[in-house]
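Everything below concerns the one structure shown next.
Just so you know, all these numbers are worked out from the coordinates, no wet-lab data involved. Everything numeric in this text was worked out from a predicted model, so none of it was measured. Here the Cβ is made from the backbone with ideal geometry for all residues, glycine too, and neighbour counts use every protein chain on show.
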Amino acid sequence: MNAQNVTNKLIRTHLVSGNMIPGEEISIKIDQTLTQDATGTLIMLELESMGVKKAKTELSVQYVDHNILETDNKNAEDHAFLLSAAEKYGIWYSRAGNGISHPLHIHHFGIPGKTLLGSDSHTPSGGALGMLAIGTGGLDVALAIAGEPYSVVMPSVFGVELKGKLPAWVSAKDVVLEMLRIFGVSNGRGYIFEYFGEGLKELSVMDRLVIANMGTEMGATTTVFPSDEETKRFLTAQERSEVWIELVPDKGATYDKTMVINLSKLEPLIACPSSPGNIKKVSEVQGLPVHQVVIGSSANPGLRDYTVVSEIMKDKTAPVGLSLDVNPSTRQVIENLSVSGRLPDLIKSGARFHQTGCLGCIGMGQAPAEGKISLRTMPRNFPGRSGTLDDKVYLCSPETAAAAALTGKITDPRDLEKLLGIKYPKYEHPKKEIINLPLLFSPKKHNESIQLEKGSNIPPLPKLDALINKFEAPVLLKVGDDISTDEILSGGTKVLPLRSNIPEISKWAYHQLDNNFYDKALKAKEKYGGHIIVAGKNYAQGSSREHAALAPKYLGQLAVIAIGYARIGWQNLVNFGILPFEFENADDYKTINVNDILKLENINEETLTSNEIIVITNKKEIRVKHRLSRRQIQIVLAGGMINYYKQKNKQAYERL
């Protein structure tokens, strides 16, 4: 066998079917799953709908970290439902207040060499530990819990060689922002980024998590790091050294593509509004007044990230017109900050402490003032994601965030020594961390009699009909490039609590883009049987929320015709029986307008297999195509994955 990189080793040891040729569909065995509460409620309803009795994975964990603001009964009832579901299906449960799923999983459950599938788009964070960790829609995760392999198009492996050493005031966030400067928010699609080289010695496991987490923002399938001596050090500090294995590239291993990043030449970077790909040097935008600084999130969740901010803020106070918000990533981080003496320094600085959880990252509180700058150590700054439509959110490192928290304006942190006499804090990893376990609950052994606890906000999943084979339907919305799932179905305090209630959450579909969309969709469903959306490049980027497909499906969405799609968004359309067409000629996008009636005929297996599809408009005939495999064609025609799964199991039963 030829010398292998780490990615190929991970895939080869889990390959169930297909060939490891980029562009071909493969299926892989899933060892672990990760679900969070904003997507987990739907997953548990899907398990119930599919008749699953018990999780068949080696380990599955349900985290509560998104919907933790209990402003009415809905979130609290969802938490009770998730606990009952975790007990019924044999799944670990992490209670509200324990922390964000990604650092918790790295600390307590991640194992080098294993596969992890998560219903959160930042699940690739697990790649920091030498795992093949992939984010996807909830239905794919439900199937993995049921014991089904995960199917994905085999990506190419992009090797990123790291050289040199990070300068003072530059950290892991600047590394991934440099990657985003190069690749933007879509040019990582079809790749797994694998990092290697001497520069890895400069990056801790939690530094690697920062980079792996935001690889998602480039559209990558996932990010992979080796499991090396640093991995061993980290697991030893977590009292889990027994799960460590060495997993490094073979000597002479090759990659489909390669590039080099010299860490020594990096400088502080910042993602400007309103895209993670809008990267500039901090020095280019410094001086702009800042109204809010938020520390925390899954993108910078490590003990180091909070410690550095604490050291910078020591004996100083944030300006009166600036809100310094601290979102601890886990209770374990709080406890270790407290014991080390760093917590009091943050408190004295005037920082506002919040619950452990995602919070402002997904618009659950901490919404900034309109038109005022908010600096955040978070992974996303899509329009309106913060909870404020006219937001001005910038993404940066903890060092850059702390500099702004001191000066009240965007400041290159390298200037802090000259301005305020502050030297770059030196951080040493503790040989052993205080381990916090009280809010993690293991699966029950006997689950047969456990009933799901459903509050008034948890109706059954709606039944989805098989796809009709011909239709004439209106274009209800035409959108441009890089439309995010936040814009298709927003988060925030009003919408997130409705995640388990499809009829109610559907009222918010495309609300940011057209606040009359819901009424228009109902009328189109009654008159035409449904509607169509037309989109530009990279449609449905961002969050893995399958509600951005299921809610439009519930409202009658028949097809999306786009120039291109984000990976997870495309997969979710397939899973819920929506045709994901692409223009053969991108210029045809310009010829279709809102309210045009589009006609499609013979939408059957033969036509879809031939991939010769014509859309008739009131102006011309347009040729479209798709990237569906034969299996996915059957899924779409069945009306989605749940119908397909039930049909397949029924046929298997009848053959017995």
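Taking the dipole about the Cα centre of the chain, with the C-beta of Lys and Arg at +1 and of Asp and Glu at -1, give me whichever of I642, I312, S484 is farthest to the positive side. Projecting each Cα onto the dipole axis, the largest value belongs to I642. Each Lys and Arg adds +1 at its Cβ and each Asp and Glu adds -1 at its Cβ; summed about the Cα centre, the range 270-420 shows a dipole of about 60 debye.
Of all DSSP bridge pairs formed entirely within the range 270-420, close to 20 percent run antiparallel. Rounded to the nearest 10 degrees, what's the angle between the helix 517-528 long axis and the longest principal axis of the chain, both from Cα atoms, 0 to 90? Taking Cα atoms only, the helix is inclined about 20 degrees.
The alpha carbon convex hull volume per residue for the range 51-207 rounds to 151 Å³. Here the dipole of the chain is about 180 debye; that uses its Cα centre as origin and unit charges on the Cβ of Lys and Arg (positive) and Asp and Glu (negative). Each residue of the range 549-557 is assigned a 3J(HN,Hα), and the resulting list reads 10, 5, 5, x, 4, 4, 8, x, 5 Hz, derived from the Karplus form 6.51 cos²θ - 1.76 cosθ + 1.60 (θ = phi - 60°), x at Gly and Pro. For G530, the residues whose amide H sits under 5 Å from its own are K525, ignoring neighbours fewer than 5 places away on the same chain, with H placed 1.01 Å from N. Highest mean first, the peptides 192-201, 302-311, 624-633 sorted by other C-beta atoms within 10 Å per residue fall in the order 302-311, 192-201, 624-633. Under the convention that each Lys and Arg Cβ holds +1 and each Asp and Glu Cβ holds -1, the size of the dipole of the range 27-129 around its Cα centre is about 460 debye.
Annotation: the antiparallel percentage among DSSP beta bridges lying fully within the range 6-265 is about 20. Could you pull out every residue, at least 5 positions away or on a different chain, whose amide H is within less than 5 Å of the one on K392? Hs are placed 1.01 Å off N in the peptide plane, and Pro or chain starts have none. Sorted by chain and number, the residues that satisfy this are G371, K372, S374. Between the range 592-654 and the range 396-420, the C-alpha centres lie 53 angstrom from each other.
Each Cα pair of the range 270-420 feeds into the Kirkwood radius, which the Stokes-Einstein equation turns, at 37 °C and 0.692 mPa s, into a diffusion coefficient of 219 µm²/s. Taking the square roots of five times each eigenvalue of the Cα gyration tensor of the range 471-653, the equivalent ellipsoid has semi-axes of 23, 22, 15 Å, listed largest first. Of the GluC sites (Glu not before Pro) in the range 43-131, the ones in a loop by DSSP (not H, G, I, E or B) with at most 14 other beta carbons within 10 Å are E58, E70. Can you say what percent of the DSSP beta bridges in the chain, counting only those with both residues inside, are antiparallel? Round to 5. Taking every DSSP beta bridge with both residues in the chain, the antiparallel ones total about 30 percent.
Here the peptides 371-381, 242-252 are ranked by packing, the mean other Cβ count within 10 Å, and the order with the highest first is 371-381, 242-252.
Taking every alpha-carbon pair under 8 Å whose residues sit at least 6 apart, the chain reaches a relative contact order of 14 percent. Sequentially through the range 361-373, phi angles give Karplus couplings (6.51, -1.76, 1.60; θ = phi - 60°) of 4, 10, x, 9, x, 6, 5, x, 5, 4, x, 9, 6 Hz, Gly and Pro residues having no value and appearing as x. Taking amide H positions as modeled 1.01 Å from N, with prolines and chain starts lacking one, the residues under 5 Å from Y565 and 5 or more places away or on another chain are N538, Y539. If I fit a long axis through the Cα atoms of helix 172-183 and take the longest principal axis of the Cα atoms of the chain, what angle between them do I get, 0 to 90°, rounded to 10? It works out to around 40 degrees.
At full extension, E70 and R181 could sit 36.2 nm farther apart than now, given 0.36 nm per residue minus the alpha carbon distance.
Here the Karplus curve 6.51 cos²θ - 1.76 cosθ + 1.60, taken at θ = phi - 60°, turns the phi angles of the range 622-629 into couplings of 10, 8, 10, 9, 8, 10, 6, 7 Hz, with x standing for Gly and Pro.
Taking N as the residue count of the chain, its C-alpha radius of gyration divided by 2.2 N^0.38 Å amounts to 0.92.
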